[in-house]
1. Could you grab me the full set of residues in the stretch B:16-32 that are over 13 Å from B:Lys207 (Cβ atoms) and either outside any loop (DSSP other than H, G, I, E, B) or at pLDDT 95 or above (or both)?
2. Listed residues A:Ala74, A:Ala36, A:Ala42; which is in contact (Cβ under 8 Å) with a residue 24 or more places away in the chain, closer than 29 Å to A:Lys155 by Cα and either crowded, with 21+ Cβ neighbours inside 10 Å or over 22 Å from the mean Cα position of the chain (by Cα) (or both)?
3. In the stretch B:179-216, which residues are part of a strand (DSSP E or B), surrounded by fewer than 18 Cβ atoms within 10 Å (Cβ to Cβ) and of a type in the set (Gly, Ala, Ser)?
4. I'd like the residue in the stretch B:75-99 that is among the β-branched types (Val, Ile, Thr) and more than 23 Å from the chain's Cα centre (by Cα) and, out of all such residues, is farthest from the other protein chains (Cβ to nearest Cβ).
5. So B:Asn41 ticks every box in (1) part of a loop (DSSP other than H, G, I, E, B); (2) crowded, with 16+ Cβ neighbours inside 10 Å; (3) away from every other protein chain (no Cβ under 14 Å) but one. Which box is left unticked?
6. Which ranges mark the helices (runs of 4 or more DSSP H) fully within the stretch A:51-128 that have 2 or more residues being at pLDDT below 85?
7. Quick one: would you say A:Lys117 is basic (Lys, Arg), away from every other protein chain (no Cβ under 11 Å) and within 30 Å of B:Pro149 (Cα to Cα)?
Amino acid sequence: MRKLLKIEWQKIKTYKTFWLVISLYFVFLLSGIMLAELIFNAMIDDLSKNSPFPLPHVSFYTFPDIWHNITYFASIRFVVIFPAVLVIILVCNEFSFKTSRQNILNGLSRTDFVTSKLILVTVLSFFILLVIMISSLILGIIHTDEITVQSFFHKFEFLGGFFIQMLTLLVFSLFIAFMIRSTALSIAVFTFYVIIMEPILVMILKIPNFQPNTVGRYFPINNALNIVEYPSVTGLIKTLGFRLQENVVFQDIFLSIGYTLLFCFLIYFSMRKRDI
Amino acid sequence: MSLTSILSVEGITKRFGKITAVDNLSLNLEQGYIYGLLGPNGSGKTTTLGIILDMIRADAGRYQWFGQPLTKEARKKIGVVFETPQFYPYLTAIQNLRLIATIKDASPETLDELLRLVNLFDRRNSKFITYSLGMKQRLSIAAALIGDPQIMILDEPTNGLDPQGISDIRELIKKINTRGITILLASHLLDEVQKVCTHVTVLQHGKKLFDGKVHDVLAIDDAIEVNADRPDMLRSVLEENENVNKVLTENKLLLVVTKPGYPVRSLHEYLISKGIIVTHLAVRKRSLEKHFLDLLKKEEK
């Protein structure tokens, strides 16, 4: 296990593309998080002009809601696609450089090779979680007037939900990369599925009778991203009558873990069967 | 099977659609020798290597490394050098080798020595992508040597190299063999196999044509052209000599194939002693390539 981690680290340690994409992701993510409240309140001010009563400003960064708000922002499709694309690049590189073959000739088993990539995505998910946790912590401490143990840990579960969601997504990108093996095609298929195909399918399935929860709810990416749903930013949205998520739903978590295991199995199976 | 058996292959067969790439091939490699796998392009050399390295699944047959099935532990004792070197282009030479040492559970301390052996020590901190083909191929050899392998497999290692590069690689192979490492070299160049190998297996259409020691299999019978004032008598006199294997007629000349080691001078003296005045005497070297092609052609019939 430690050896496989060390191998992956040696592969990415001086890989500029990796550090460039991951930095872009964090810059994008963190600046998004910092600006979120500002943008939201600007929108509210705009709405207030036509409103019969003044709309209250939201507080994005107070405990315990901050855990939910920030993990939600970090799970927007256009944001999560960064680390997923990064994983695709790393795996497809191995196939295009044929280093996957060389790794196995040098004494990694095919199973080891897949396991090393699973370790990579687990560590990456954890690292992203850590960055989000620390930035939320700092922002929360700055913006919350009175922190109690209860307000601090309430909704802490969204961090766990976010981790499962990120892991599912990255294992899915791993699955695409191992099946297709070509960088450009894998990124195209992944992006098309996540950004276009699944959302459209989910929408079409909702159309006949406007049910919010159709079978589309259980599609792998949709399900994973629904682990952290619209946050209860403020009483504002509640007053408008939207149903809002208060907790992580365990059914979503279990289904996501199920998908993750299924993708893992398919990757192992295909690596055992295919020529390298 | 002897204790020193490195690789034994029994009846491996691989079909790609209608084409049989490898046809019931058996091999046995013993420790310390340099084996050549010789055959024209498409004769199944690379497929054979792919099968014994478990990159391609065979349709039939078995193989054993060091008397056992191929495990990842056994792989660490097999160094492999392919026609195209495969490394991480963005890593430097030394970083690439360190990574391989991690995979092979080998000590990184020997890496500098290996880089010196392949004459890349001064360029160890350059990225792999900046290397010339010859340097890449030498780095492959250094990589294959990590972890003290018992055998090194090379697939067309000199393809695309300039004459200096070719000679560097051939010298390296011989040098490595003196460390007691068994070599298996796949090549379509007869000349290369002759210069480097001790044993050879000749492949054609995936079938084994010959195998044995390079000396025996690729022994070149030099023919001696002879003519004399009395050709009719010359032939019968030559056929009486026990050192003469064959007498062939070619145009107005006789072509004599003698036993190896029988000097032309002795043949001449023999003819004089029989009272024959020689009017033409010349040694004709058969070209190696022609000999190789002859071997293949003979088998086609």
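1. B:Phe16, B:Asn28, B:Leu29, B:Glu30
2. A:Ala74
3. The answer is B:Gly212, and nothing else.
4. Step by step, filter the stretch B:75-99, then rank; the result is B:Ile94.
5. All conditions pass for B:Asn41, except number (2).
6. A:65-74
7. So A:Lys117 passes the test.
Yes/no per residue for (1) within 16 Å of the chain's Cα centre (by Cα); (2) more than 30 Å from B:Leu255 (Cβ to Cβ); (3) at pLDDT below 90:
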| residue | (1), (2), (3) |
| --- | --- |
| B:Ile181 | yes, yes, no |
| B:Cys197 | yes, no, no |
| B:Gln204 | yes, no, yes |
| B:Gly212 | yes, no, yes |
| B:Asp222 | no, no, yes |
| B:Ala228 | no, no, yes |
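The values are calculated or read from the model by the stated rules, or taken from the named source; none is laboratory data. As the structure is a computational prediction, the values presented were derived from the model and not from experiment. When we count neighbours, we look across all protein chains shown, and the Cβ atoms used for this are built from the backbone with ideal geometry, even at glycine.
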